1. Right, Leu183: modelled with pLDDT of 95 or more, in the same structural domain as Asp292 (by TED's automatic domain parsing) and in contact with a Leu (Cβ under 7 Å, 6 or more places away or on another chain) or not?
2. Can you say whether Arg105 is at pLDDT below 95 and either surrounded by 19 or more Cβ atoms within 10 Å (Cβ to Cβ) or not in a strand (DSSP E or B) (or both), as far as the supplied structure shows?
3. Can you tell me which condition Ala119 does not meet? The list is (1) over 22 Å from Asp86 (Cα atoms); (2) free of Cβ contacts under 8 Å to residues at least 40 places away in the same chain; (3) crowded, with 21+ Cβ neighbours inside 10 Å, and all the others hold.
4. Quick one: is Ala290 out of contact with any strand residue (DSSP E or B) (no Cβ under 6 Å at 6 or more places or on another chain), in the same structural domain as Leu192 (by TED's automatic domain parsing) and assigned to a helix (DSSP H, G or I)?
5. If Arg94 passes every condition in (1) under 27 Å from Leu170 (Cβ atoms); (2) part of a helix (DSSP H, G or I) but one, which one does it miss?
6. Kindly evaluate Glu322 against the criterion of being outside the structural domain of Glu191 (by TED's automatic domain parsing) and free of Cβ contacts under 8 Å to residues at least 60 places away in the same chain.
7. In the stretch 1-25, which residues are more than 16 Å from Gly165 (Cα to Cα) and among the charged types (D, E, K, R)?
8. Sort out which residues of the stretch 299-319 are in contact with an Asp or Glu (Cβ under 8 Å, 6 or more places away or on another chain) and either hydroxyl-bearing (Ser, Thr, Tyr) or without any contact (Cβ under 8 Å) to a residue 40 or more places away in the chain (or both), and write them in order of number.
Amino acid sequence: MKALFLIQGQTQPASRYRVLMYLDGLRAAGIECEVRDYPRSIPAWIGVLRQRRTADVIFFQKKRAPRWPVERLKAGGARVIYDVDDAVMFASSRHESPDAPARMRRFESMCAASDAVTAGNRYLAGMAAQHCPRVVILPTSMDMRRYHPRGPARTAGRVVLGWIGGRKSLPFLRTLDPALALLRSRGVDVELKVVCNEFPADCPVPVVRKPWAEADEGADVASFDIGLAPLPDDPWSRGKCATKLLQCMAARVPCVASPVGAHEDIVAPGVNGFLAREPEEWAVAIGRLAADAAMRDRLGDAARETVARDYSLQTHGPRLAELLLSLRRAT
């Protein structure tokens, strides 16, 4: 069978985590895979439509296509999968209101037109299930081969708090300033390592700046003693699929995270990490981990086990292959 994947772009994180890292396993399962950037012109759409009688499945990664090409693809016998790993039906946290009626209509239309929806978390799956009868939760997952476990926790020296992300997420990190100020006032010896292409100024604790590079991601998160995953609690953020959190956990780094969306599904407080909402809760959780190397090791072991079992390419690659094969054309 053949699957055509229409992605945001080869360098887009969502494309890497939702499509590109699966390709070798899918091909090993006997699925011919072709990847194209999502079409943004009539000639590009014509190129896609030419495959409506040869491709078994057209996989739309995140983008909500106009109804007319989806209908033509299905009329040619192709089956359609829509993959959603963000709350694309809402405006982002940077807007005053999450309500975005046009975005919601496009999401509903795309789900209704699809033979199946793959959703990155339970929250997104619930929204998709209102419009598509076949919804599969396919969590954003980690390739465990890329994340070597952090070594034994250090019992002395400054503790490294770590955050990895894009510049648009830096405002979420800045919400931790009050908690970091509390830690400083209590004499907790920490520094904040930020892996990004922009960096916060005037932070309450010393900042180590590390420019982001894809090839360095595994080593960067393994250099953290404690990972940080703050998020606001709003409709858009609840659709986030916890990539930053999972990267740290895959590297055996215990994390403190906001109790928002997928974070609540992944983190078992006191077992593989901690959840925190208010500055005092963040300061207490970070302080406990900073003071107890044995706890960091214990929670880090459980964190890596959680990712390997429930949020890894090795677990979910076969599930995606099974879904695609179930939609092959009848012979």
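The values are calculated or read from the model by the stated rules, or taken from the named source; none is laboratory data. Just so we're clear, the structure is a prediction, and the values are computed from it rather than from any experiment. Don't worry about glycine lacking a Cβ; one is built from the backbone with ideal geometry, like all the others, and counts go over all protein chains shown.
1. Against the criterion (modelled with pLDDT of 95 or more, in the same structural domain as Asp292 (by TED's automatic domain parsing) and in contact with a Leu (Cβ under 7 Å, 6 or more places away or on another chain)), Leu183 does not qualify.
2. It is false that Arg105 is at pLDDT below 95 and either surrounded by 19 or more Cβ atoms within 10 Å (Cβ to Cβ) or not in a strand (DSSP E or B) (or both).
3. (1)
4. no
5. Condition not satisfied by Arg94: (2).
6. For Glu322, the condition - outside the structural domain of Glu191 (by TED's automatic domain parsing) and free of Cβ contacts under 8 Å to residues at least 60 places away in the same chain - is met.
7. Of the residues in the stretch 1-25, the ones more than 16 Å from Gly165 (Cα to Cα) are 1-10, 18-25.
If the condition is that a residue be more than 16 Å from Gly165 (Cα to Cα) and among the charged types (D, E, K, R), then Lys2, Arg18, Asp24 are the ones that fit.
8. Ser312
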